[in-house]
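Before anything else, here's the structure in question.
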Amino acid sequence: MAQNPAPAAGLPTVAITFDGETLNCRAGTSLAVALWDQGIRHLSHSHKFGRPRGVTCARGHCTNFLLRVDGVPNVRSCETPLHDGMVVATQDTGTFYGAPMQKMLALGSAWFPVGFYYKWFTRPATLSRFFLDRIRPMTGVGRLPDAARAARALPAAAEAAATPPQTDLGQFETIVVGAGPSGLRAAAECAGTTLLLDDHVAAGGQRLAALRELASCRDSHLGRFPTLAAALERLEAAVARLPAHDNVRFLGGARAIAGYHPDGVLVRRGSELMVARFKTLVWAAGALDTIGLFPGNDTPGLFGPRALYRLLTRDGLEVDGKHALIVGGGLDFWLSAALLAARGAAISLVVTEGGCQSEVAAAVDLKWALNTGLKLDEVRGNGQHMVQAVFVPRRNAPGPLGSHMHLEADLAVICGRGKPAYDIPYQLGADLALLPERGGFVPRALAASTTGDLELTLPGGARILYAGETLGHLPTDQVSR
Amino acid sequence: MNDNRIILCRCEDVTLRDFRQAYAEGFTELESLKRYTGLGTGFCQGKGCLSEAVLELAVLRDADPAGIRLTNIRPPAEPLTFAQLAGLDIPEHPAQADTGEDQS
């Protein structure tokens, strides 16, 4: 689980090849973090504008961290552990015409408005065919897995041929998706057979690993942040109660990736797929990071707090001596700040939300660089290594240039309020609506509800119980419940 | 603020300006905006952009975001390989044995 950052000497290293260059990386990290440590943050370029992109969500969702690994295309680099002799290649220079054409396309993309392919080059038909034959290959046509690696590229097929894997988890009374505080609470209340899933290896939710890591650091200052200490205590207590329930089967490192009408769930653990059925689904999958909409919001080096926790605790991202900028407010803001500081990073804080007086006082006491009354206006990438954030005064209209504030850092953490996870209930038939006060897609019925949890009956008779952060932001701050 | 540098959908490189322009061209439903711009059709399947797009659409329409019809979010929520699906050993479901209809 939580592993301390490795000192440079005396620890095992593995040699990997990245685009033909040999790199000696610290063992025990993910591929994305190993490359980050080597100063390689730009893992790909966006395919229209050619903007540099890197790891953002660290949980296998975002698009720009895909690499070709050992001859296999589209490997999620943030989920892939290193091994000796790994051959890694970027995969966005693969247009039919080669890398120079890719660069030219990126430069020219600004003159191609949205939807141009529906309007241009369509008439007359004979010319249209001439253009299409030349335009189509420009986007790249992809490359199949290398033949020699086919067995490794297609592990499921290889295994299926040898011995049929046990991929049917069976029928459960309840499937709880997410083993955070709400998921644990729901699982403890279940009487029948229960399957508890979480994409972390250990139960406790997205913040527990970070809180444990913080508590294990020498200069954690946990005593100065009572909300963090209390959150850790509550989560540890909830996790400690789990073994007492024999009817609950916990499956770590696994996530529900599809819901099939009326009562089926597809579960992925690594490259392994499993199916399970339920009578009640408890949807406690928590929230996803929101970076927000501002110019440069895709700059590599920008993370949400949940991604940061994963990178620091799961992959042991090295931040000692690095400069980190933390923007936002709330529990995740202070947890990110305390954890980065405890791991040796120089931190600058920009509090953009109100409240948290006692935490602000603690930060001032600790002599952390702290700014308030600012609004994030823009982020610029500055080469491979730095991000530069531009702030303007809050409330007032953007004033003259002098009133802007520029802060530069190795990485920036944007602590928005997060948006509730929503996809599996939608696929199972739940009626969702975007409620802005909740921060994302939640059941439409929630608009009329003021109580905590929410229960829905699906068209097929199965039930979904919403719990915790999947309900969005609650009126009172119950995030750490 | 330069909305051409605000990326709404990272997977398909759709900027906020693209989205607004598509709306101005008459694509006023989320479904047609998705088809026209490619928004939400990439690797993340809309996890990064769908709620932001609905909020922006509500601003453009000057309407309640709760009233905006969502696009269909089909399973699976993450890309899989055919090999992974082929390796699945799915038992017959008693309630499903007689229905062959597609829910899309």
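The values are calculated or read from the model by the stated rules, or taken from the named source; none is laboratory data. Quick caveat: nothing in here was measured; it's all calculated off a predicted structure. Backbone-built Cβ (ideal geometry, glycine too); neighbour counts: all protein chains shown.
For region A:256-273, name all the residues that are surrounded by 23 or more Cβ atoms within 10 Å (Cβ to Cβ) and more than 7 Å from chain B (Cβ to nearest Cβ).
Answer for region A:256-273, where residues must be surrounded by 23 or more Cβ atoms within 10 Å (Cβ to Cβ) and more than 7 Å from chain B (Cβ to nearest Cβ): A:256, A:263, A:265.
Would you check if there is a residue in region A:67-87 being at negative phi, within 13 Å of another protein chain (Cβ to nearest Cβ), in contact with a Ser or Thr (Cβ under 8 Å, 6 or more places away or on another chain) and of a type in the set (Gly, Ala, Ser)?
yes
Could you pull out the residue among A:223, A:253, A:205 that is away from chain B (no Cβ under 14 Å), touching a strand residue (DSSP E or B) at 6+ places or on another chain (Cβ under 6 Å) and small (Gly, Ala, Ser)?
A:253
Any residue that is within 19 Å of residue B:13 (Cβ to Cβ), in a helix (DSSP H, G or I) and among the polar types (S, T, N, Q) - is there at least one of those in region A:43-54?
no
Can you tell me which of A:363, A:409 is within 23 Å of residue A:289 (Cβ to Cβ) and in contact with a His (Cβ under 7 Å, 6 or more places away or on another chain)?
A:409
Mind checking which residues of region A:6-38 are over 24 Å from residue A:100 (Cα atoms) and assigned to a loop (DSSP other than H, G, I, E, B)?
Within region A:6-38, A:6, A:7, A:8, A:9, A:10, A:11, A:12, A:27, A:28, A:29, A:38 qualify.
Among all residue pairs at least 6 apart or on different chains, which show Cβ distances below 9 Å where the first residue, located in region B:61-78, is surrounded by fewer than 18 Cβ atoms within 10 Å (Cβ to Cβ) and the second is among the polar types (S, T, N, Q)?
B:61/B:28; B:72/B:104; B:74/A:427; B:74/B:45; B:74/B:104
Out of A:80, A:126, A:56, I need the residue that is over 22 Å from residue A:144 (Cβ atoms) and buried (at least 20 other Cβ atoms within 10 Å of the Cβ). Which one?
A:56
Being over 30 Å from residue A:264 (Cα atoms) and either surrounded by 14 or more Cβ atoms within 10 Å (Cβ to Cβ) or modelled with pLDDT of 85 or more (or both) narrows it down to one of A:160, A:186, A:237, A:202, so name that one.
After ruling out the rest, the residue left standing is A:237.
Here is a follow-up. Looking at region A:410-426, which of its residues are buried (at least 24 other Cβ atoms within 10 Å of the Cβ) and more than 24 Å from residue A:437 (Cβ to Cβ)?
The answer is A:411, A:412, A:413.
Which numbered condition trips up residue A:298, out of (1) closer than 30 Å to residue A:463 by Cα; (2) within 14 Å of another protein chain (Cβ to nearest Cβ)?
(1)
Give region A:283-305 a look and list any residue that's over 19 Å from residue B:50 (Cα atoms) and of a type outside the set (A, V, I, L, M, F, W, C), or say none.
Within region A:283-305, A:299, A:300, A:301, A:305 qualify.
Is it true that residue A:319 is surrounded by fewer than 24 Cβ atoms within 10 Å (Cβ to Cβ) and farther than 23 Å from residue A:41 by Cα?
For residue A:319, the condition - surrounded by fewer than 24 Cβ atoms within 10 Å (Cβ to Cβ) and farther than 23 Å from residue A:41 by Cα - is not met.
With region A:402-477 as the region, which strands (runs of 3 or more DSSP E) entirely inside it contain at least 1 residues that are of a type in the set (Phe, Trp, Tyr)?
Qualifying strands (runs of 3 or more DSSP E): A:440-443, A:463-466.
Please list, ordered by residue number, the helices (runs of 4 or more DSSP H) wholly in region B:3-100 having 2 or more residues that are at the interface with chain A (Cβ under 7 Å from one of its Cβ atoms) and under 19 Å from the mean Cα position of the chain (by Cα).
So the answer is B:16-24, B:30-37, B:50-61.
Given the criterion closer than 19 Å to residue A:309 by Cα and away from every other protein chain (no Cβ under 11 Å), identify the matching residue among A:282, A:239.
A:239 is the lone residue from the list that is closer than 19 Å to residue A:309 by Cα and away from every other protein chain (no Cβ under 11 Å).
Now a separate question. Are there any pairs with C-beta distances below 9 angstrom linking a residue in region A:115-135 that is in a loop (DSSP other than H, G, I, E, B) to a residue that is of a type in the set (Asp, Glu), with the two at least 6 apart or on different chains, and if so which?
Hits for this filter: A:115/B:18; A:115/B:25.
Tell me which residues, restricted to region A:416-432, are of a type in the set (Gly, Ala, Ser) and either more than 28 Å from residue A:276 (Cβ to Cβ) or more than 9 Å from chain B (Cβ to nearest Cβ) (or both).
If the condition is that a residue be of a type in the set (Gly, Ala, Ser) and either more than 28 Å from residue A:276 (Cβ to Cβ) or more than 9 Å from chain B (Cβ to nearest Cβ) (or both), then A:416, A:418, A:430 are the ones that fit.
Residue by residue through region A:401-450, note down the ones that are of a type in the set (A, V, I, L, M), without any contact (Cβ under 8 Å) to a residue 12 or more places away in the chain and touching a helix residue (DSSP H, G or I) at 6+ places or on another chain (Cβ under 8 Å).
If the condition is that a residue be of a type in the set (A, V, I, L, M), without any contact (Cβ under 8 Å) to a residue 12 or more places away in the chain and touching a helix residue (DSSP H, G or I) at 6+ places or on another chain (Cβ under 8 Å), then A:434 is the only one that fits.
Sort out which residues of region A:43-62 are in contact (Cβ under 8 Å) with a residue 12 or more places away in the chain and within 8 Å of another protein chain (Cβ to nearest Cβ), and write them in order of number.
Once the filter is applied, which keeps residues that are in contact (Cβ under 8 Å) with a residue 12 or more places away in the chain and within 8 Å of another protein chain (Cβ to nearest Cβ), region A:43-62 yields A:46, A:47, A:48, A:49, A:51, A:53, A:56, A:57, A:60, A:61.
Kindly indicate the residue of region A:441-473 that is at negative phi and among the small types (Gly, Ala, Ser) and also surrounded by the most Cβ atoms within 10 Å (Cβ to Cβ) among those meeting that condition.
A:467
If I ask for residues that are within 16 Å of residue A:212 (Cα to Cα) and in contact with a helix residue (DSSP H, G or I) (Cβ under 8 Å, 6 or more places away or on another chain), which ones from region A:341-355 would you list?
Within region A:341-355, A:342, A:343 meet the criteria.
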